[in-house]
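Asker: Below is one structure. I have some questions about it.
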Amino acid sequence: MISAPIQYLKLRIQHLNNSSSANEWSEIQACSILSPMNLIDYKLSMFLKRIAFWFPLLLIMMLTGCQMPMKNSTEFCMVQTTCPNQQEADAHARAIIKKRLGACVQSSPIHSYYMWEGEVQSDSEVLLRIKTTCERYTALEQYLKAEHSYDVPQVIMIPIENGLPEYLDWVREETTLSSQ
């Protein structure tokens, strides 16, 4: 499904690159000599050409459910959670690293506003950003649910789509359980 729209896109880009630059410049010069109305007509026609270029590809992609190819890197993620104070944040950070649930935990003081039990709340908290693998996410989530002081802790997993390969290799190494 992906190859046909991509091939179509390549052919359209090749056609546009081969035929448009010289012709468009001569059309611009001709329009500017004639009148401002012709220049507006020219700009409108160029806009319509661009739509005509992209519309068939977008239509094919919508009808087939095709998406533009992306690097599929769902191996790594960042998990965010909040703690009520730095002491609890430090305890969780150390336990997460020790249990190899995450390779790196960063903490930052924040101020949160949220609705809880029908009332708007406002609290100082500590945000933890945990870099880990998607394979370790479930164990990390279970740890946070069991050990966190909040009834319903924030546990949000954000996929990491790309990163420095050496860093991601390090994350993988640090979250891999040893076979000993």
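A short reminder: the numbers here are calculations on the coordinates, not readings from a lab. If you're wondering where the values come from, they're calculated on a predicted model, not measured in any experiment. Every residue, glycine as well, gets a Cβ built from its backbone with ideal geometry; the counts of neighbours run over all protein chains shown.
Asker: So which GluC sites (Glu not before Pro) in segment 108-144 are both in a DSSP loop and have at most 15 other Cβ atoms within 10 Å of their Cβ?
Answerer: Working: sites: GLU117, GLU119, GLU125, GLU135, GLU141; in loops: GLU117.
Passing both the DSSP loop test and the Cβ count: GLU117.
Asker: A follow-up question, please. State, to one decimal in nm, how far the label point of GLN106 lies from the label point of LEU59, with both points 7 Å from Cα in the Cβ direction.
Answerer: Each label point lies 7 Å from its Cα, and together they span 4.6 nm.
Asker: Which of rounded, prolate or oblate describes segment 76-175 when judged by the alpha-carbon gyration tensor and an a/c cut-off of 1.5?
Answerer: Here segment 76-175 falls in the prolate category.
Asker: When a/c is below 1.5 the answer is rounded, else prolate if a/b is larger than b/c, else oblate, so apply that to segment 117-179 with a ≥ b ≥ c taken from the square roots of the Cα gyration tensor eigenvalues. Don't skip to the end; give the middle numbers.
Answerer: On the way: a/c = 3.02, a/b = 1.90, b/c = 1.59.
It is prolate, given that a/c is not under 1.5 and a/b is the larger ratio.
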